[in-house]
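The values are calculated or read from the model by the stated rules, or taken from the named source; none is laboratory data. As the structure is a prediction and not an experimental result, all values here were calculated from the model. Note that each Cβ is placed from the backbone with ideal geometry, even for glycine, and that neighbours are counted across all protein chains shown.
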């Protein structure tokens, strides 16, 4: 019994009928309509019959008859070496080694070397951290909008729940670099007077926990560049 493989849509008998009807004078387009097939499929089986006779109508695997020869480990290593050491493109490597460009590109992609950016590892993230508690204190301010009621992100409506004119809150934050211990206050503004007073309270808070602050780091906010803030005593 000739059992169609899993990917087959036509039996050998159906393929033979296609050939017979074409020999009887029907066009490939008419046959495609009669069998509910694409014109390409009909032409495929007619071509196979012309090239191999009735034997070519038998079932076979859907995979291509010719398969590319698998490259040896040494060959693959050479491809990768040319890519990493000399930054050669897939086309240049293929020309050098006498291989198909698609073959070289496939192996480069499989080993994560397909993109030029992948050849150079990203620079390591530069982190610094003080060793002693109090050696460096980071201070910054986060500006947050107030609201009377939930906004559109919660309600899904932009026409309801407006909090226009509600104002702002300013979250003043001080973080010890070594321990990551933080002191936070929510204040009504970010003026130099508020920032300086916050610094004094933060220093006292850390001192109460055995941490004497030696240096302070801030951004270039106007309150931090003021003479009042810069003259604060640690």
query = Regarding residue 155, is this residue farther than 28 Å from residue 190 by Cα, at pLDDT below 90, loosely packed, with under 11 Cβ neighbours inside 10 Å and outside the structural domain of residue 78 (by TED's automatic domain parsing)?
reply = no
request  = Scan the range 186-214 for residues that are surrounded by 12 or more Cβ atoms within 10 Å (Cβ to Cβ) and more than 19 Å from residue 136 (Cα to Cα) and jot them down.
outcome  = 187, 189, 190, 191, 192, 193, 194
query = Restricting to the range 85-100, what's the tally of residues that are within 15 Å of residue 112 (Cα to Cα) and surrounded by 15 or more Cβ atoms within 10 Å (Cβ to Cβ)?
reply = 3
task = Working only within the range 101-131, note down all residues that are loosely packed, with under 12 Cβ neighbours inside 10 Å, at pLDDT 85 or above and closer than 30 Å to residue 213 by Cα.
result = 131
ask   = Quick one: which of 22, 43, 13 is more than 30 Å from residue 102 (Cβ to Cβ) and modelled with pLDDT of 85 or more?
value = 22
